[in-house]
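Inspection log for the structure reproduced underneath, given as structure tokens.
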Amino acid sequence: MQSNQTQSGILASIVQYLAWFLTSIGAILDALLIRGALVAVLSFFQVISADAYHKSGGVGVDLQFGYTMTAIDLWMLVVLGCITIGAVIAIEYYLRKGRIQGALYKHIAIVVGIEALILITMARAQDIFTRA
């Protein structure tokens, strides 16, 4: 066994699993922000649809689009939940691979960077569509 290829020790294990736990929470937050941004987009289109419905002579609330938006939102939660579970598993594998290669901190930085980019992008998109 070559000890220079692997990063061993209890400290490395603690860092790996702590980083995995924190980045998994970040993945869940990213999924919730993605949902929030998509709901903001759907709300934007609901306002446009309601205006078109009223201009075409409709009175009251367009129930068909309201139910469609609810269904899309619920399916988004299911799909984003499955994607998040896959992302958490992939993050754990990636961090374990980084520890074996001796690049654990580099892999942690990459995962945190990607999650931060998603967080910033989705927060910005949500802000744009809620102000429109």
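The values are calculated or read from the model by the stated rules, or taken from the named source; none is laboratory data. Model, not experiment: these values are computed from the prediction. A quick note on method: Cβ atoms are made from the backbone with ideal geometry, for glycine too, and the neighbour counts reach across all protein chains shown.
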Does residue 34 satisfy the condition of being surrounded by 13 or more Cβ atoms within 10 Å (Cβ to Cβ), β-branched (Val, Ile, Thr) and in a helix (DSSP H, G or I)? yes
Per the filter on the range 107-127, residues surrounded by 14 or more Cβ atoms within 10 Å (Cβ to Cβ) and closer than 18 Å to residue 38 by Cα are 115, 118, 119, 121, 122, 125, 126
For the structure I just gave you, tell me whether residue 100 is modelled with pLDDT under 95, touching a Ser or Thr at 6+ places or on another chain (Cβ under 7 Å), hydrophobic (A, V, I, L, M, F, W, C) and closer than 12 Å to residue 16 by Cα. yes
Please work out which one of (1) aromatic (Phe, Trp, Tyr); (2) modelled with pLDDT of 80 or more; (3) touching an Asp or Glu at 6+ places or on another chain (Cβ under 9 Å) is the condition residue 53 fails and give its number. (2)
Do we have any residue at all in the range 86-109 that's more than 27 Å from residue 9 (Cα to Cα), in contact (Cβ under 8 Å) with a residue 60 or more places away in the chain and not β-branched (Val, Ile, Thr)? no
Hits in the range 84-130 (condition: hydrophobic (A, V, I, L, M, F, W, C) and in a loop (DSSP other than H, G, I, E, B)): 103
Quick one: which residue in 81, 26 is touching a residue at least 60 places away in the same chain (Cβ under 8 Å), of a type outside the set (Lys, Arg) and in a helix (DSSP H, G or I)? 26
